[in-house]
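Heads up: the structure comes next, in structure tokens.
The values are calculated or read from the model by the stated rules, or taken from the named source; none is laboratory data. Given the structure is predicted, the values throughout are model-derived calculations rather than measurements. With ideal geometry, Cβ positions are generated from the backbone for all residues, glycine too; neighbour counts draw on all protein chains shown. Accessible surface is based on the protein model in full, side chains and every heavy atom, while ligands, DNA and RNA are left aside. Shrake-Rupley method; radii C 1.70, N 1.55, O 1.52, S 1.80 Å.
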Amino acid sequence: MKEIMTELALIDGTFKVADAREILDKLIDFKINFHRIRSLESELRFGEKDAHSQTRIKALQACKVQLEALLQEASAGSGELEINTTIQINIKP
């Protein structure tokens, strides 16, 4: 089996600040919740939190703070944001 790479355009467009906030907040919140559950499962099964998930939670929380500052800036300007998010997926042989 050879390595396969695919790119998916997850978010691609221009959004008003409120719509951008809703989309991106929900995406980040979903990821934070995923890692909280993963870490809790690790703690229950192995007696310690998942280190990778704990690191990701902190990074995602920092992203939320950075995003809010950006959205505030956009609100003071045109009120629109162009968002393009591509996910690259590699299937390893």
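A few remarks follow.
- Computed from backbone phi with θ = phi - 60° and the Karplus coefficients 6.51, -1.76 and 1.60, the 3J(HN,Hα) list for region 76-85 is 6, x, 6, x, 10, 10, 9, 10, 10, 10 Hz; x is used for glycine and proline.
- Inter-label distance, N84 to A9: 0.9 nm, where each label sits 7 Å from its Cα along the C-beta direction.
- When only Cα pairs below 8 angstrom with a gap of at least 6 residues are kept, the chain shows a relative contact order of 59 percent.
- Annotation: lysines with alpha-carbon distance below 28 angstrom to K2 (same-chain offsets under eight excluded): K92.
- Only helices enter this figure: runs of n ≥ 4 DSSP H residues, each worth -39500 (n - 2.57), summed and divided by the residues of the chain, yield -21500 deg cm²/dmol at 222 nm to the nearest 500.
- Accessible surface, per residue, of the chain when the full set of protein chains is kept, probe 1.4 Å, Å²: 76 Å²
- Helix 17-46 and the long axis of the chain differ in direction by around 10°, with both axes built from C-alpha atoms.
- Column: log10 I(q)/I(0), Debye, Cα scatterers of region 42-93, q = 0.19, 0.22, 0.29 Å⁻¹: -0.86, -0.92, -1.04
- Accessible area ranking (1.4 Å probe, heavy atoms, ligands and nucleic acids excluded), largest first, for D29, D50: D29, D50.
- Considering the chain, its Cα convex hull presents a mean projected area of 7.6 nm².
- For region 1-51, a/c is not less than 1.5, where a ≥ b ≥ c are the root eigenvalues of the C-alpha gyration tensor, and a/b does not top b/c. That puts it in the oblate class.
- Partner lysines for K16 [C-alpha distance under 26 Å; skip if fewer than 8 residues away on the same chain]: K26, K31, K64
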